[in-house]
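The values are calculated or read from the model by the stated rules, or taken from the named source; none is laboratory data. Please read these numbers as outputs of a predicted model, since none were measured by experiment. Positions of Cβ are backbone-derived with ideal geometry, glycine not excepted, and every protein chain shown enters the neighbour counts.
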C-alpha cells in the first residue's frame with residue numbers, strides 16, 4: 001500500500017459513479033496483502049493528513065422487535081437501515097444515515113450531519129428521519145455499535161472505488177456482549193456499471209469470490225443469542241472458515 005500514489009478527499013469527490021453497482025468480497029488479512037501487492041500499479045489510495053487507514057464508528061438503531069434486522073435476515077426487499085456514523089479522522093464528523101436496498105438490489109443512502117453519536121435530536125436528525133422514512137426516532141433505540149478501520153482505493157481510470165474494512169469491534173448495547181471480526185477483511189467494490197475492473201480480475205485470480213456481509217446483521221447475531229439466525233448459519237460457517245485460514249489465499 002505504501003507504493004500506491006495518494007488521492008485526496010477533494011479528488012475523491014470528483015468521482016461520479018452514475019450507474020453504480022456494489023459487490024462485497026470476503027478474505028483474510030493475508031489475502032489482503034496479496035490483493036494490495038497486485039493492485040499497487042492500478043490504484044490510488046485515499047490519504048488524509050498523511051494517514052492511509054481511516055477509523056469509523058457506527059451505531060445502528062432499530063425497533064424493540066428488531067424489525068430492520070428481521071427484514072434483512074429474512075432476505076426481504078425493499079429493506080432499510082438507520083445508523084449514525086462518525087468519521088473519527090475528520091474531527092469527529094458525524095451523520096445520521098438512512099440506507100435502503102430496493103427490489104433490484106440497488107442501495108441508496110441519504111444522510112444529514114448531526115452533532116454526535118448521541119446528540120441526534122439537537123441537530124434535527126429526528127425531523128430528517130421522519131421526513132424521509134415516516135419513522136419517529138422515539139420508536140427506535142441504539143442496538144449495536146461497531147468500530148473499524150478502512151482503506152479506500154480508487155482505480156486510475158476513476159470508474160470505481162474500493163473500500164477495505166478490517167479490525168471490526170462490536171458492542172451490543174442490549175446484551176453488553178463484545179466481540180470482534182478477528183482475521184476477516186471485507187472488500188466492497190463500487191463501480192460504474194459493468195466497465196472493466198482491475199480489482200475484479202485480481203480477486204478472481206485469487207479465488208476471492210463475491211459474498212454478502214452486513215456489519216449490523218453479523219454483529220447483532222453474534223452478540224445477541226435471542227435473535228433469529230437460521231438463514232445466516234451458512235454465512236457464519238463461511239466467515240469462520242475464512243477467519244481460521246491463516247495461510248495466504250492465492251489462486252494456485
If you go through region 103-110 one residue at a time, do you hit one that is closer than 23 Å to residue 230 by Cα, surrounded by 17 or more Cβ atoms within 10 Å (Cβ to Cβ) and touching a residue at least 12 places away in the same chain (Cβ under 8 Å)?
no
With the structure loaded, tell me whether residue 36 is buried (at least 18 other Cβ atoms within 10 Å of the Cβ), out of contact with any strand residue (DSSP E or B) (no Cβ under 7 Å at 6 or more places or on another chain) and closer than 30 Å to residue 1 by Cβ or whether it fails that test.
yes
Any residue that is modelled with pLDDT under 95, in a loop (DSSP other than H, G, I, E, B) and surrounded by 16 or more Cβ atoms within 10 Å (Cβ to Cβ) - is there at least one of those in region 24-33?
no
Can you name the residue in region 101-121 that is at pLDDT 90 or above and not in a loop (DSSP other than H, G, I, E, B) and is also farthest from residue 151 (Cα to Cα) among such residues?
121
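Quick check on region 3-15. Is at least one of its residues part of a strand (DSSP E or B) and either surrounded by 12 or more Cβ atoms within 10 Å (Cβ to Cβ) or out of contact with any helix residue (DSSP H, G or I) (no Cβ under 9 Å at 6 or more places or on another chain) (or both)? Even if it seems obvious, please write down each step before you answer.
Applying the first criterion (part of a strand (DSSP E or B)) to region 3-15 yields 6-7.
Those still in the list that are either surrounded by 12 or more Cβ atoms within 10 Å (Cβ to Cβ) or out of contact with any helix residue (DSSP H, G or I) (no Cβ under 9 Å at 6 or more places or on another chain) (or both) too: 6-7.
So far as region 3-15 goes, yes, one or more of its residues are part of a strand (DSSP E or B) and either surrounded by 12 or more Cβ atoms within 10 Å (Cβ to Cβ) or out of contact with any helix residue (DSSP H, G or I) (no Cβ under 9 Å at 6 or more places or on another chain) (or both).
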When you look at residue 62, is it closer than 25 Å to residue 235 by Cβ, touching a helix residue (DSSP H, G or I) at 6+ places or on another chain (Cβ under 8 Å) and either without any contact (Cβ under 8 Å) to a residue 24 or more places away in the chain or surrounded by 17 or more Cβ atoms within 10 Å (Cβ to Cβ) (or both), yes or no?
yes
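Could we say that residue 72 is surrounded by 12 or more Cβ atoms within 10 Å (Cβ to Cβ) and either over 30 Å from residue 2 (Cα atoms) or within 17 Å of the chain's Cα centre (by Cα) (or both) here? Give the derivation first.
Details: surrounded by 12 or more Cβ atoms within 10 Å (Cβ to Cβ): yes; either over 30 Å from residue 2 (Cα atoms) or within 17 Å of the chain's Cα centre (by Cα) (or both): yes.
Judged against the criteria, residue 72 is a match.
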Among the residues of region 180-196, are any modelled with pLDDT of 95 or more, surrounded by fewer than 19 Cβ atoms within 10 Å (Cβ to Cβ) and under 25 Å from residue 74 (Cα atoms)?
yes
